[in-house]
Amino acid sequence: MYKVIEIHDAVATRTIELLNEKTGTKDICFDDSGLVSYDNFEFMEKGKSYNCKIKLFGQCVEEKTLDSVECYVINEKVCIGEKELVEVRINKDTYYVYRSKIPSAFDKNSFFFEFTRKDLIQVNDIVHDDLL
């Protein structure tokens, strides 16, 4: 479960600061769900908790860099909506990466990934329309 710490609205999108209630990790997540669907994440409120799935937006790299993280594979194939993702762990936290972003010949235990942001892709039972 993630608790909403703060919501920062922009013109058409927003960022949501989330606290992972299990690990204590704070994530700042991009939310553009209101742009693509009426069934979106606009219902989220500061101070309330939700079951969230967060996708890393970026690219796989062949070796560790200053900007990369090592992603440990939890599940090689997870379907969220109609998209295939890989469920990964970074430290104690769980994230998702599009399977298409990872080379087919990756080490099945881990890979290095450089991400520029974290995207909300599912909140409770609502899936971001980009995955449908």
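Just the Cα atoms of the chain: what Rg and Dmax do they give in Å?
So, for the chain, Rg and Dmax equal 14.6, 42 Å respectively.
Place the peptides 122-131, 61-70 in order of packing, highest mean first, counting for every residue the other Cβ atoms within 10 Å and averaging per peptide.
122-131, 61-70
Taking only DSSP H segments of four or more residues, each worth -39500 (n - 2.57), what value at 222 nm results for the chain once the sum is divided by all its residues, to the nearest 500 deg cm²/dmol?
-500 deg cm²/dmol
Excluding residues fewer than 8 places away in the same chain, name every one of the lysines whose C-alpha is closer than 21 Å to that of residue 118.
In chain and number order, the partners are 3, 22, 26, 46, 48, 53, 55, 64, 77, 83, 92, 101.
Would you tally the net charge around residue 93, using a Cβ to Cβ cut-off of less than 11 Å, leaving residue 93 out, and scoring K and R as +1, D and E as -1?
Cβ neighbours under 11 Å give a net charge of +4.
Values quoted throughout were computed directly from the atomic coordinates according to the rules given, and no laboratory measurement underlies them. A quick note: this is a predicted structure, and the numbers were derived from the prediction, not measured. A quick note on method: Cβ atoms are made from the backbone with ideal geometry, for glycine too, and the neighbour counts reach across all protein chains shown.
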